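Enquirer: Take this structure first; my questions come after.
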Amino acid sequence: MDLDQAQDASMVRQTRLLNSVQVFVPTTLVIAREIGNRRGEVAPLGNLGLAYTALAQVEKAIGLLEQAHRIGQEIKDPRIIRFTTAALKRLRSGCSET
């Protein structure tokens, strides 16, 4: 397999990942919001943000991770705050590794 084929295969895997996340995340996000589970909103937002990061869609990733960060601050969850702060810092510095 040459470099172009490897890159194409990687992009296909990443696109499939994003498609899977886009199907699962809205459902879990809606359910979490309907039952008032703020902490439950964070995982789908973070997962979708990470999927967009993998696809180099940085602005979308930042928007989702900022939402998760705000929720972490509202519910005063230090783990969420640490995770989202670190992820946002990496994205904003141009290093989109997860």
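Values quoted throughout were computed directly from the atomic coordinates according to the rules given, and no laboratory measurement underlies them. Not measured: the values here are computed from a predicted model. Backbone-built Cβ (ideal geometry, glycine too); neighbour counts: all protein chains shown.
Enquirer: Return the FRET efficiency for the residue pair Ala9, Ala86: r is the Cβ-Cβ distance, R0 is 25 Å, and the value is rounded to the nearest 0.05. Each step should come with its number before you reach the end.
Expert: Values: r = 29 Å, r/R0 = 1.17.
Calculated value: 0.30.
Enquirer: Provide, as a two-decimal number, the C-alpha radius of gyration of segment 3-92 over 2.2 N^0.38 Å, N being how many residues it has.
Expert: Numbers: Rg = 14.2 Å, N = 90, 2.2 N^0.38 = 12.2 Å.
Compactness ratio reported: 1.17.
Enquirer: Tell me what the chain gives for mean residue ellipticity at 222 nm when only DSSP H runs of n ≥ 4 count, each as -39,500 (n - 2.57), the sum divided by the residue total, rounded to 500 deg cm²/dmol.
Expert: On the way: 4 runs with 81 residues, N = 98.
Computed mean residue ellipticity for the chain: -28500 deg cm²/dmol.
Enquirer: Calculate how steeply helix 38-54 sits against the longest principal axis of the alpha-carbon atoms of the chain, using the helix alpha-carbon long axis, and give the answer as 0 to 90 degrees to the nearest 10.
Expert: Helix 38-54 and the main axis of the chain meet at about 20 degrees.
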